1. In the list LEU188, LEU126, which residue meets the criterion of being surrounded by 15 or more Cβ atoms within 10 Å (Cβ to Cβ), touching a helix residue (DSSP H, G or I) at 6+ places or on another chain (Cβ under 8 Å) and not β-branched (Val, Ile, Thr)?
2. Given the criterion surrounded by fewer than 17 Cβ atoms within 10 Å (Cβ to Cβ), within 11 Å of ligand 2 (Cβ to nearest atom) and of a type in the set (Asp, Glu), identify the matching residue among ASP131, ASP200.
3. Which is of a type in the set (A, V, I, L, M), on the phi < 0 side of the Ramachandran plot and either outside any strand (DSSP E or B) or out of contact with any Leu (no Cβ under 9 Å at 6 or more places or on another chain) (or both), of LEU171, LEU160?
4. Identify, from the list ASP86, ASP60, the residue that is surrounded by fewer than 19 Cβ atoms within 10 Å (Cβ to Cβ), of a type in the set (D, E, K, R) and touching a residue at least 24 places away in the same chain (Cβ under 8 Å).
5. Residues of region 63-83 being of a type in the set (Gly, Ala, Ser) and buried (at least 20 other Cβ atoms within 10 Å of the Cβ), which ones?
6. In region 182-191, what count of residues is obtained for those that are part of a strand (DSSP E or B) and away from ligand 1 (no atom under 12 Å from the Cβ)?
7. Give me the pairs, please: first residue somewhere in region 6-27 and closer than 14 Å to LYS204 by Cα, second residue anywhere and among the hydroxyl-bearing types (Ser, Thr, Tyr), beta-carbon distance under 9 Å, and either six or more positions apart or on two chains.
8. Could you pull out the residue among LYS117, LYS55, LYS70 that is modelled with pLDDT under 95 and over 20 Å from LYS204 (Cβ atoms)?
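The values are calculated or read from the model by the stated rules, or taken from the named source; none is laboratory data. As the structure is a prediction and not an experimental result, all values here were calculated from the model. Counting neighbours? That spans all protein chains shown, and the Cβs are built from the backbone with ideal geometry, glycine included.
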Amino acid sequence: MSLHVIDHPLVQHKLALLREYGISTKSFRELVSEIGTLLTYEATKDLPLQANLIKGWQGDSIEVNKLQGKKITVVPILRAGLGMMDGVMELIPSAKVSVVGLQRNEETLEPVPYFEKLVGKIEQRLSLVIDPMLATGGSMIATIDMLKSAGCTHIKAIVLVAAPEGVKATLEAHPDIEIYTAALDSHLNEHGYIVPGLGDAGDKIFGTV
Ligand code: PRP
Ligand code: URA
């Protein structure tokens, strides 16, 4: 399945708090990061393990499973994706970070790229693209285009809230990727905002409302 809606009670509770009218910048930031951690746990469920022999607590050799060492790059989409970074990195602290800057033109809703700094050997890595909002899908599709142009073949998207329009567009453009979200909301309004959504996630994270 390419779309995973994570209906874990902790995720749903935190998302409910995040949707509250008048939420403080501090609470919004904390919750975005915490949900980022929980979604990362789900998105990394199928990372490959390999058997290793170690010396156990009694001094004898025991077999344990460790991550195969699959290289991961976390890809925050500026700005709002940065809000999820700490929470995501908490579970995968050695992941390298590739930064993509896109600003959605609020009239045309087209993403305008302004920054791209991807890590090396991206063709060997799993990319975890993080952004709180998947609205029209334009920003996500443009980011995946960049990653694929650089040679990356294994890509997952982690978003807090997705609109059906954005999910459809993203999976039509890139059927090989997987999307993890805390919610699949109702629709986009006439300004391209997700309903019920969260409002402008970047403004709320950075306090620029
Ligand atoms: C928001 C959001 C996504 C994008 C989603 O960013 O964080 O990146 O819009 O919309 P889309 O699916 O229609 O492309 P925005 O461009 O507002 O920039 P910001 O993060 O700097 O606020
Ligand atoms: N960007 C946001 O921050 N919120 C939306 O609802 C859509 C795009």
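1. Details: LEU126 fails: touching a helix residue (DSSP H, G or I) at 6+ places or on another chain (Cβ under 8 Å).
Only one candidate qualifies: LEU188.
2. Numbers: ASP131 fails: surrounded by fewer than 17 Cβ atoms within 10 Å (Cβ to Cβ).
Result of the check over ASP131, ASP200: ASP200.
3. Details: LEU160 fails: either outside any strand (DSSP E or B) or out of contact with any Leu (no Cβ under 9 Å at 6 or more places or on another chain) (or both).
Step by step, each of LEU171, LEU160 is checked, and only LEU171 is of a type in the set (A, V, I, L, M), on the phi < 0 side of the Ramachandran plot and either outside any strand (DSSP E or B) or out of contact with any Leu (no Cβ under 9 Å at 6 or more places or on another chain) (or both).
4. Details: ASP60 fails: touching a residue at least 24 places away in the same chain (Cβ under 8 Å).
The match here is ASP86.
5. Narrowing region 63-83 to residues of a type in the set (Gly, Ala, Ser): 69, 80-81, 83.
If the condition is that a residue be of a type in the set (Gly, Ala, Ser) and buried (at least 20 other Cβ atoms within 10 Å of the Cβ), then ALA80, GLY81, GLY83 are the ones that fit.
6. At the first step, the residues of region 182-191 found to be part of a strand (DSSP E or B) are 182-184, 187-188.
Next cut, away from ligand 1 (no atom under 12 Å from the Cβ) only: 182-184, 187.
Residues in region 182-191 being part of a strand (DSSP E or B) and away from ligand 1 (no atom under 12 Å from the Cβ): 4 in total.
7. If the second residue must be among the hydroxyl-bearing types (Ser, Thr, Tyr), the pairs left are LEU17/SER27; LEU18/SER27; GLU20/SER27.
8. Numbers: LYS117 fails: modelled with pLDDT under 95; LYS55 fails: modelled with pLDDT under 95.
Exactly one residue qualifies, and that residue is LYS70.
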